[in-house]
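Encoded as structure tokens, the structure appears first; notes follow it.
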Amino acid sequence: MSQEKVDRHKEQKRNVKKIVKKEKREWMLTKAAMALVGVLLVVWIGVSVYNYSDVSDSTTVDLPTYTVDTAALDDYLTELYAEE
């Protein structure tokens with residue numbers, strides 16, 4: 001049992017550069033994957049906000065319009081200015 005540990009330790013010491021290189025590569029891939037997920041999340045949120053805030057002409061509601069007959073007011077103002 002002890003000899004197996006010694007042999008394993010010697011093998012690890014011989015392959016330190018390979019092990020470190022592999023760990024760095026795995027860490028870089030992990031960071032790249034996290035960055036990709038972050039970018040996709042930001043894009044998804046941006047598209048959702050754009051679609052939510054996009055107001056198309058088909059969804060606009062026509063507001064009611066009102067007409068006012070101002071004939072009586074015009075007659076009153078005309079009489080008012082005529083007296084001066």
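With the charge dipole of the chain set up from +1 on Lys and Arg Cβ and -1 on Asp and Glu Cβ about the Cα centre, the Cα lying farthest toward the positive end among the listed residues Y66, L40, L80 is that of L40. Given in Å, the Rg to one decimal and the Dmax to the nearest whole number for the Cα atoms of the chain are 39.6, 124.
Within the chain, the whole DSSP H helices whose Cα atoms reach 24 Å or more along their own axis and whose mean Kyte-Doolittle score is at least -1.0 are 16-53. Using a 1.4 Å probe on the protein heavy atoms, what percent of the accessible area of the chain belongs to carbon and sulfur? Carbon-and-sulfur percentage of accessible area, whole number: 62.
The values are calculated or read from the model by the stated rules, or taken from the named source; none is laboratory data. Everything numeric here is computed off the predicted structure, so don't read it as measured data. We place every Cβ from the backbone using ideal geometry, glycine too, and count neighbours over all the protein chains shown. Ligands, DNA and RNA are excluded from the accessible area calculation, which covers all protein heavy atoms including side chains. Shrake-Rupley method; radii C 1.70, N 1.55, O 1.52, S 1.80 Å.
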